[in-house]
Amino acid sequence: MPNKYTELEKLRELYSKGEITEEEFNLEKEKILKGEMTGDNKNFHKRVQNSDNRTFNSLMHISQLSNFLFPFLGIIIPIVMWSTRKEEDKSVDRNGKIILNWNISVFIYMSILVFILILMILGLGGLAIFSGMNLDSTAFGGFDVDSPAFVLKILGTFAIVIIPMIIFGLLDFIFTIVGAIKAGNGEIWNYPLSIRFFKTK
């Protein structure tokens with residue numbers, strides 16, 4: 001059971017957010033200080049716990065942004081956070097699974113794009129260079145390798161893979177922010193394009 005100081009701190013937080021009135025604040029403060037645990041007080045403690053879990057869920061979503069600081073950190077932190085509280089609260093468990101579903105999905109999508117990119121690099125001259133072949137004007141469909149048209153062709157080909165990678169990076173950032181906001185409001189929101197490996201309902 002949390003001590004009085006922790007309870008008072010949570011009470012002040014609810015009051016500062018406007019979730020309880022001044023009258024409720026003073027009444028619950030008195031009950032906490034007296035150590036009373038009435039039926040109403042238990043309901044209030046449940047409200048405090050729900051607010052705490054919403055904050056935790058929001059932080060769990062936000063922690064994915066640490067991926068932009070260090071690779072895989074944005075996967076490790078949410079998993080650790082989820083595993084510490086998933087048995088205590090259903091909302092924590094569901095939000096953790098939503099995050100896992102999204103991260104696994106992004107990994108699969110990116111792996112496919114990287115594989116395609118590697119094939120394109122090998123197909124656009126890598127094999128010719130490694131095998132010692134001379135590149136002439138017929139090596140790439142009649143394009144002169146020094147011409148602007150050839151450069152545009154290469155850039156256009158790579159853009160087919162690079163642009164989706166950039167889009168997934170932006171979606172990762174946007175979905176993380178939206179997920180954090182919705183989790184803070186107590187909503188369960190599955191990221192679009194996310195494959196449901198774990199059931200969230």
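Here is the link list: LYS90/LYS182; LYS34/LYS90; LYS90/LYS201. Which ones come out longer than 21 Å on Cα distance?
On the way: LYS90/LYS182 16 Å; LYS34/LYS90 31 Å; LYS90/LYS201 10 Å.
From the list (LYS90/LYS182; LYS34/LYS90; LYS90/LYS201), the Cα-Cα distance tops 21 Å for LYS34/LYS90.
What does the extension gain come out to for ILE154 and ILE108, with contour length at 0.36 nm per residue minus their alpha carbon separation? Walk me through the intermediate numbers first.
On the way: separation 46, 0.36 × 46 = 16.56 nm, distance 2.53 nm.
Value of the extension gain: 14.0 nm.
Could you check the simple spin-label distance between LEU171 and PHE72, using points 7 Å along Cα→Cβ, in nm with one decimal?
2.4
For a footprinting-style exposure proxy, rank LYS34, LYS86, LYS182 by other Cβ within 10 Å, fewest first. Walk me through the numbers before you get to the answer.
Values: LYS34 10, LYS86 15, LYS182 18.
Ascending Cβ contact count within 10 Å gives the list LYS34, LYS86, LYS182.
Read-outs throughout are calculated quantities, based only on the coordinates presented, and are distinct from any laboratory measurement. These numbers were taken from a predicted model, which means no experiment stands behind them. Counting neighbours? That spans all protein chains shown, and the Cβs are built from the backbone with ideal geometry, glycine included.
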